[in-house]
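Visitor: Mind looking over this structure? Questions follow.
The values are calculated or read from the model by the stated rules, or taken from the named source; none is laboratory data. Predicted, not measured: the structure shown is a model, and the values here were computed from it. Ideal geometry is used to build each Cβ from the backbone, glycine not excepted, and the neighbour counts take in all protein chains shown.
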């Protein structure tokens, strides 16, 4: 299976994620999820389970190769929460800002501000072949949000690898993709797909 501009249906309604994946997986033709397709609820116990569920649904409905991710943030002081509940941390219909505010409040009660972004990226091909890759990015939670880039928890996530004070929302998209959990998982998945060719 050669990368070439291979079409992949992206099983997400999150336009921020879709835009990021377009930048990270430039060798692929990423197709938006058709509006008629309903994705399963993200009620799995792991990021991999949620990602696979979405990719399976998209592939089955379209007959095409589909990819999906599930990702979130884990705070050491909170025993790994919010984890798979990251997108709904402050409630089912919570905004990014509400989720981030709650995390800042809860982590702020502790001395340990270490956090990690985690992403599982799943691929389900038209013949049913399934692949899952994971990516991780360690960091710490800033005391308050900074920066206009990124989305989700990015304005308060200070990655360890850049050895500075900038949040994910303050660095360039290229720098973010080079170290982010989603960038790592997507590149690992792309390598697996190329190797399968």
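Visitor: Any residue at all in the range 65-87 that is surrounded by 17 or more Cβ atoms within 10 Å (Cβ to Cβ), out of contact with any strand residue (DSSP E or B) (no Cβ under 8 Å at 6 or more places or on another chain) and not in a loop (DSSP other than H, G, I, E, B)?
Guide: Yes: one or more hits.
Visitor: Okay, moving on. Is it the case that residue 183 is part of a loop (DSSP other than H, G, I, E, B) and either surrounded by fewer than 22 Cβ atoms within 10 Å (Cβ to Cβ) or under 17 Å from the mean Cα position of the chain (by Cα) (or both)? Working first, answer last.
Guide: Values: part of a loop (DSSP other than H, G, I, E, B): no; either surrounded by fewer than 22 Cβ atoms within 10 Å (Cβ to Cβ) or under 17 Å from the mean Cα position of the chain (by Cα) (or both): yes.
The answer is no for residue 183.
Visitor: With the checklist (1) in contact (Cβ under 8 Å) with a residue 12 or more places away in the chain; (2) in a loop (DSSP other than H, G, I, E, B) in hand, flag the one item residue 93 doesn't pass.
Guide: (1) is the only condition that residue 93 fails.
Visitor: Please go through the range 1-12 and give me each residue that is out of contact with any helix residue (DSSP H, G or I) (no Cβ under 9 Å at 6 or more places or on another chain) and either modelled with pLDDT of 90 or more or crowded, with 18+ Cβ neighbours inside 10 Å (or both), ordered by number.
Guide: 7 - this is the single residue of the range 1-12 that is out of contact with any helix residue (DSSP H, G or I) (no Cβ under 9 Å at 6 or more places or on another chain) and either modelled with pLDDT of 90 or more or crowded, with 18+ Cβ neighbours inside 10 Å (or both).
Visitor: Right, next: Does residue 139 satisfy the condition of being at pLDDT below 95 and under 30 Å from residue 8 (Cβ atoms)?
Guide: Details: at pLDDT below 95: no; under 30 Å from residue 8 (Cβ atoms): yes.
Against the criterion (at pLDDT below 95 and under 30 Å from residue 8 (Cβ atoms)), residue 139 does not qualify.
The rows are residues; the columns are (1) surrounded by fewer than 20 Cβ atoms within 10 Å (Cβ to Cβ); (2) within 18 Å of the chain's Cα centre (by Cα); (3) on the phi > 0 side of the Ramachandran plot; (4) modelled with pLDDT of 95 or more.
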residue	(1), (2), (3), (4)
102	yes, no, no, yes
107	no, no, no, yes
111	yes, no, no, yes
123	no, yes, no, yes
155	no, yes, no, yes
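Visitor: Does at least one position in the range 23-37 carry a residue that is without any contact (Cβ under 8 Å) to a residue 12 or more places away in the chain, more than 16 Å from the chain's Cα centre (by Cα), part of a loop (DSSP other than H, G, I, E, B) and under 23 Å from residue 137 (Cα atoms)?
Guide: Looking for residues that are without any contact (Cβ under 8 Å) to a residue 12 or more places away in the chain, more than 16 Å from the chain's Cα centre (by Cα), part of a loop (DSSP other than H, G, I, E, B) and under 23 Å from residue 137 (Cα atoms), one finds at least one in the range 23-37, hence yes.
Visitor: Picking from 188, 148, which residue would you name as being surrounded by fewer than 20 Cβ atoms within 10 Å (Cβ to Cβ), over 13 Å from residue 117 (Cβ atoms) and within 15 Å of the chain's Cα centre (by Cα)?
Guide: Among 188, 148, only 188 is surrounded by fewer than 20 Cβ atoms within 10 Å (Cβ to Cβ), over 13 Å from residue 117 (Cβ atoms) and within 15 Å of the chain's Cα centre (by Cα).
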